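Novice: So that we are looking at the same thing, I have put the structure below in structure tokens.
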Amino acid sequence: MKQFQKICALAEIPQQGARVVNPGGRSQAIALFRTAENQVFALDDHCPHKGGALSHGLVFGGAVACPLHNFKIDLATGSALAPEQGQVPCHAVEVRDGEVWLAL
Amino acid sequence: MRKQRLVLIGNGVAGVRTLEEILRHDAQRYDMTVIGDEPCGNYNRIQLSPVLAGEQTLSDIILNPESWYEKNGIRLIKGVAATGIDRVQRVVTLANGEAVGYDKLIVATGSRPFMLPIPGAQLPGVLGFRDIKDTTAMIEAAAQYKHAVVIGGGLLGLEAAHGLKLRGMEVSVVHLGEWLLNRQLDQQAGRMLEHAMRDHGLQLYLGQTASRLLGDQRVTGVELGDGTVLKADLVVMAAGIVPNDALARAAGLKATQGIVVDDTLKTSDPFIYALGECVNHRGTSYGLVAPLFEMGKVLANQLAGCGKQRYTGTTTSTKLKVTGIDLFSAGDFMGGESYDEIVVSDPKGGIYKKLVLKDDVLVGACLYGDTGEGAWYYQLLREGRNVADMRRDLLSGPRELGDVGTAGASRAAALPMDAEVCGCNGVSKGTIVKAITEHGLFTVEEVKKHTRAGASCGSCTGLVEQILMSTVGSSFQAAPKQKPLCDCTTHTHEDVREAIRNRHLTSLPAVMKALQWRTPDGCPTCRPALNYYLISSWPGEAKDDAQARLVNERMHANIQKDSTFSVIPRMWGGVTSPAELRRIADVAEKYEVRMVKVTGGQRLDLLGVKGSDLPAIWKDLDMPSGMGYSKGLRTVKTCVGKQFCRFGTQDSTGMGIELEKALDRMWAPHKVKLAVSGCPRNCAEAGIKDVGIIAVDSGWELYIGGNGGIKTEVAEFLVKVKTATEVMEYSGAFLQLYREQAHYLERTVHFMQRVGLDYIKQRVLEDEAGRKALWARLQQSLALEPDPWRARDGVDANQFAALPA
């Protein structure tokens, strides 16, 4: 059963940026993204194209561009933006009173 | 609020393409209705010739099936002609009695074949070649009858003749001009085409007119001006087209040989626009597809409320869709007295190439037999760029073709389908051709998006363009001359820079607001560009936005395939010391660096470093950042020079160190590499650097715009100076000019090609005060720039560490 856990303050993730979290018992790190409009999304930190760390990508609109080959991923769904194809696992994440909570 | 009603009369390529463009800008803006008198969705009229020739079927050439209209909420009224436009009530009346109201109206009624007003022209069996109906009638006639006469030896006439021949008819072509395609080819190329057509089995009557058509129930023959009578069961009139402007004319719109439109494609009624073959723009009517697409782009831009673009006419190019015949022409290919002509003519070998130049600018091209270079000439022509420096190589084509990933093949058409075109992303010609045909792609940009070919280093773009051209024929759409910075905007790099300077914009949101960006916060293409334009225009004032930088420049290290980083400290002029080497060795061991490598720029690279170790490594190294990750100053490569070398004429090492120290921390539109050699043996390879300096006994020679990367480019000689101080001033002034005027991601060589070496000489050599001012501006802006490894000002420490789970 997944439960929301408090990860950090919203302010610790830069706007239009990302941070990484390594939850125990998981080999794949999770990237937390914060858009210009302060929405927060959580995706596996692994691009479906060649495995780049999405947390190092450039966040624009509701998407991130992978730092390795500019592969673009929709943050809300984890799907690659057309015409690319691919899918990144997404995780439930919430902002409560300025704190970021991630379902693990 | 009620949506605006947008009505399109004419369900053809030009109009529907415009709707597609509008939908891309803003799908919600209009309620759209399309009125077309043909009984189907939009099809690619240009491909009717291959259909006639049996190379394609009708279903192959449908561009927008009826499901497309449904999916986009567009009402399609098909098979019904528009009969009138009531401009007062803003209503279009239809042949079936219906009335369709509009707020904005697009007239795209195209053109119709010009039917010669000669006796017998009304007889059954006499056709134009314009739509599916004509094509079907021709196919049926070919199955039933033997003799066909085509009147008109232009593009359409020859394609019709070729198709009918393939369908088994005996075909004669009657042509008024002295040679075939006299509007597209010069006489010599026309003669070569003539031989080829005769070899195909066509009868040609050149310099002849058709004076009347014979027959009672159906056409039986054509009588020529000299009295000759040709047998004919089918006559195709392909003697030109006439804009379909009757509807517009009847509604009182201004029309003379086409509906008159301005540069925004507006007619004399501000609620009515027109485009395509039915219009008269600046006195010209177009009958080819590329201009229609350009008009479509502009009109969509206008109707989507952007209101920025203007249509200023198109230089068209020609390609004949007759299998086995390669010809290409563009621009002012006839030449004449005040022009220069470069010609290769080999009638036996079937090759003819003529390039027409005026004042060192390519203004026309006519190719027969070998058209591989067509796309490249067309691009040069449209750019209007000075080709003085490559005159000698013009005929042999662009050197970049075949340099990379193409296994030496230089002609797109000859490439096998499995040949790798894009070496970066492993994209074959077959993949590209498939994407073009399946998705109906027309531009290099679209191909790039769908296949990733050309999306990385870009060196295969020319080849992709050729494949596009050979795949889609004359529907090929060359890149617009004025390319917007990215999909987020209609503004060019120049527009953006000018706005930042003139309107004193100092932040990304301010730029995006002032220039009406289409996206809320840009994209990976525009954000880094805008950030660079801001900090280079307003040093010390515009804040460097870390989130507008890609990972390398944000982390001040170079990301590797496994998301570790490489660390390259600066070694001035490639010189190090035992103490420094010891420190580097200690760091490499302490942080378990996976590889220590000597770079091509004479320094040491520590590879496989964890992102979280970066700040500690910088501290332990206690060396400045080599900025080996930057769009900025990378290295100054040097040879040992006269301090040790028996051939050295000057202290090249010292000169290199001095330059590197002066230019350290310099951000630029792209990476910048320098080299200083101590004698003309040039061990530092200064001839392929952005700025290369070669010492001679009497001073220093400066070269600019060299490049040892994707396409090797030899640097151009700029000037010879006497002192080290002058070397600094001239090099710095050139680099500052580059920093101020180059497009983001444009290397010095491409900047130099765009603005011309003469311009650079004028700014850097002739204008002494200007040169000193440039150099001073560079020094001022560098003085404000911190070393990111040492100061770590503005470097977000958070980004290196993971959050605790």
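The values are calculated or read from the model by the stated rules, or taken from the named source; none is laboratory data. These numbers were taken from a predicted model, which means no experiment stands behind them. Glycine gets a Cβ as well: all are built from the backbone with ideal geometry, and neighbour counts include every protein chain shown. Heavy atoms of the whole protein, side chains included, go into the accessibility calculation; ligands, DNA and RNA do not. Shrake-Rupley method; radii C 1.70, N 1.55, O 1.52, S 1.80 Å.
Novice: How many residues does the stretch A:71-80 contain that are part of a loop (DSSP other than H, G, I, E, B), more than 10 Å from chain B (Cβ to nearest Cβ) and either modelled with pLDDT under 90 or open to solvent by less than 20 Å² (accessible area, probe 1.4 Å) (or both)?
Specialist: Looking only at that region, the number is 2.
Novice: Can you name the condition, by its number, that B:Asn182 falls short on among (1) under 23 Å from B:Asp134 (Cβ atoms); (2) within 33 Å of the chain's Cα centre (by Cα); (3) outside any helix (DSSP H, G or I)?
Specialist: In the conditions (1) under 23 Å from B:Asp134 (Cβ atoms); (2) within 33 Å of the chain's Cα centre (by Cα); (3) outside any helix (DSSP H, G or I), B:Asn182 misses (1) alone.
Novice: Residue under question is A:Ala53, and the condition is that it be closer than 24 Å to B:Cys526 by Cβ, without any contact (Cβ under 8 Å) to a residue 24 or more places away in the chain and at the interface with chain B (Cβ under 9 Å from one of its Cβ atoms); does it hold?
Specialist: Working: closer than 24 Å to B:Cys526 by Cβ: yes; without any contact (Cβ under 8 Å) to a residue 24 or more places away in the chain: no; at the interface with chain B (Cβ under 9 Å from one of its Cβ atoms): yes.
So A:Ala53 does not fit the description; no.
Novice: Then there is this: How many of the residues in the stretch B:499-526 are within 14 Å of chain A (Cβ to nearest Cβ) and open to solvent by 30 Å² or more (accessible area, probe 1.4 Å)?
Specialist: Count: 7.
Novice: Among the small types (Gly, Ala, Ser) and open to solvent by less than 30 Å² (accessible area, probe 1.4 Å): which single residue out of B:Ala108, B:Ala99 fits that description?
Specialist: Result of the check over B:Ala108, B:Ala99: B:Ala108.
Novice: Take the stretch B:752-761 and flag every residue that is surrounded by 13 or more Cβ atoms within 10 Å (Cβ to Cβ) and modelled with pLDDT under 95.
Specialist: Answer for the stretch B:752-761, where residues must be surrounded by 13 or more Cβ atoms within 10 Å (Cβ to Cβ) and modelled with pLDDT under 95: B:Met752, B:Gln753, B:Arg754, B:Val755, B:Gly756, B:Leu757, B:Tyr759.
Novice: Go through the stretch B:490-565 and tell me which helices (runs of 4 or more DSSP H), entirely inside it, have 2 or more residues that are without any contact (Cβ under 8 Å) to a residue 60 or more places away in the chain.
Specialist: B:493-502, B:508-514, B:526-537
Novice: How many of the residues in the stretch B:657-686 are in a loop (DSSP other than H, G, I, E, B), farther than 20 Å from B:Lys720 by Cα and open to solvent by 50 Å² or more (accessible area, probe 1.4 Å)?
Specialist: Count: 2.
Novice: Another question about this same structure. Anything in the stretch B:527-560 that is within 9 Å of chain A (Cβ to nearest Cβ), buried (at least 22 other Cβ atoms within 10 Å of the Cβ) and more than 16 Å from A:Cys66 (Cβ to Cβ)? List them, or say none.
Specialist: B:Ala548, the sole residue that qualifies.
Novice: Does the stretch B:467-481 hold any residues that are at pLDDT below 80 and open to solvent by less than 20 Å² (accessible area, probe 1.4 Å), and which are they?
Specialist: If the condition is that a residue be at pLDDT below 80 and open to solvent by less than 20 Å² (accessible area, probe 1.4 Å), then B:Met469, B:Val472, B:Gly473, B:Ser475, B:Phe476, B:Gln477, B:Ala478 are the ones that fit.
Novice: Please count how many residues of the stretch B:284-323 are open to solvent by 50 Å² or more (accessible area, probe 1.4 Å) and without any contact (Cβ under 8 Å) to a residue 40 or more places away in the chain.
Specialist: 1
Novice: Right, here's the next one. Can B:Gly654 be described as in contact with a Gly (Cβ under 8 Å, 6 or more places away or on another chain), closer than 16 Å to B:Gly600 by Cα and not in a loop (DSSP other than H, G, I, E, B)?
Specialist: Details: in contact with a Gly (Cβ under 8 Å, 6 or more places away or on another chain): yes; closer than 16 Å to B:Gly600 by Cα: no; not in a loop (DSSP other than H, G, I, E, B): yes.
Answer is no for this residue.
Novice: Same structure, new question: Quick check on my filter: what residues within the stretch B:37-95 are under 29 Å from the mean Cα position of the chain (by Cα), assigned to a strand (DSSP E or B) and of a type outside the set (Phe, Trp, Tyr)?
Specialist: Within the stretch B:37-95, B:Asn42, B:Ile62, B:Leu63, B:Asn64 qualify.
Novice: Take the stretch B:141-172 and flag every residue that is buried (at least 24 other Cβ atoms within 10 Å of the Cβ) and free of Cβ contacts under 8 Å to residues at least 40 places away in the same chain.
Specialist: B:Val171, the sole residue that qualifies.
Residue-wise test of (1) in contact with a Cys (Cβ under 6 Å, 6 or more places away or on another chain); (2) modelled with pLDDT of 95 or more; (3) closer than 30 Å to B:Glu223 by Cβ.
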| position | (1), (2), (3) |
| --- | --- |
| B:Trp68 | no, no, no |
| B:Val92 | no, yes, no |
| B:Tyr102 | no, yes, no |
| B:Ser111 | no, no, yes |
| B:Ala143 | no, no, yes |
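Novice: Restricting to the stretch B:764-786, name every residue that is open to solvent by less than 20 Å² (accessible area, probe 1.4 Å) and not small (Gly, Ala, Ser).
Specialist: Those that are open to solvent by less than 20 Å² (accessible area, probe 1.4 Å) and not small (Gly, Ala, Ser): B:Val764, B:Arg771, B:Leu774, B:Leu778, B:Leu782.
Novice: Just checking, how many residues over the stretch B:714-740 are free of Cβ contacts under 8 Å to residues at least 40 places away in the same chain and either part of a helix (DSSP H, G or I) or open to solvent by less than 30 Å² (accessible area, probe 1.4 Å) (or both)?
Specialist: Counting residues in the stretch B:714-740 that are free of Cβ contacts under 8 Å to residues at least 40 places away in the same chain and either part of a helix (DSSP H, G or I) or open to solvent by less than 30 Å² (accessible area, probe 1.4 Å) (or both) gives 5.
Novice: Which numbered condition trips up B:Ser577, out of (1) within 22 Å of B:Leu784 (Cβ to Cβ); (2) open to solvent by 20 Å² or more (accessible area, probe 1.4 Å)?
Specialist: (1)
Novice: Sticking with this one: Taking B:Ile694 as the residue in question, decide whether it is free of Cβ contacts under 8 Å to residues at least 24 places away in the same chain and open to solvent by less than 30 Å² (accessible area, probe 1.4 Å).
Specialist: Values: free of Cβ contacts under 8 Å to residues at least 24 places away in the same chain: yes; open to solvent by less than 30 Å² (accessible area, probe 1.4 Å): yes.
When the stated conditions are applied, B:Ile694 passes them.
Let's see how each residue does on (1) in contact with a Leu (Cβ under 6 Å, 6 or more places away or on another chain); (2) outside any loop (DSSP other than H, G, I, E, B):
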| position | (1), (2) |
| --- | --- |
| B:Thr312 | no, no |
| B:Ile325 | no, no |
| B:Gly336 | no, no |
| B:Ile342 | yes, yes |
| B:Lys353 | yes, yes |
| B:Val363 | no, yes |
| B:Gln379 | no, yes |
| B:Arg391 | no, yes |
| B:Leu395 | no, no |
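Novice: Of all residues in the stretch B:243-262 being of a type outside the set (Ser, Thr, Tyr) and surrounded by fewer than 17 Cβ atoms within 10 Å (Cβ to Cβ), which is nearest to B:Ala274 (Cα to Cα)?
Specialist: Only one residue fits best here, namely B:Asp262.
Novice: What's the number of the only condition in (1) closer than 28 Å to B:Gly384 by Cα; (2) part of a helix (DSSP H, G or I); (3) of a type in the set (Val, Ile, Thr) that B:Ile710 fails to meet?
Specialist: (2)
Novice: I need the full set of residues from the stretch B:334-388 which are within 18 Å of the chain's Cα centre (by Cα) and of a type in the set (Phe, Trp, Tyr), in order please.
Specialist: Hits for the stretch B:334-388 are B:Trp376, B:Tyr377, B:Tyr378.
Novice: Select from the stretch A:16-28 the residues that are within 19 Å of A:Ala76 (Cα to Cα) and within 7 Å of chain B (Cβ to nearest Cβ) and list them in ascending order.
Specialist: A:Gln16, A:Gly17, A:Arg19, A:Val20, A:Val21
Novice: Against the condition in a strand (DSSP E or B), open to solvent by less than 10 Å² (accessible area, probe 1.4 Å) and over 29 Å from B:Val279 (Cβ atoms), how does B:Val236 come out, does it pass?
Specialist: Numbers: in a strand (DSSP E or B): yes; open to solvent by less than 10 Å² (accessible area, probe 1.4 Å): yes; over 29 Å from B:Val279 (Cβ atoms): no.
When the stated conditions are applied, B:Val236 does not pass them.
Novice: For the stretch A:47-70, name all the residues that are in contact with a strand residue (DSSP E or B) (Cβ under 7 Å, 6 or more places away or on another chain) and either β-branched (Val, Ile, Thr) or assigned to a strand (DSSP E or B) (or both).
Specialist: A:Leu58, A:Val59, A:Ala63, A:Val64, A:Ala65
Novice: Turning to a different aspect of this structure: In this structure, does B:Arg570 turn out to be buried (at least 19 other Cβ atoms within 10 Å of the Cβ), more than 14 Å from chain A (Cβ to nearest Cβ) and among the basic types (Lys, Arg)?
Specialist: Yes: the conditions hold for B:Arg570.
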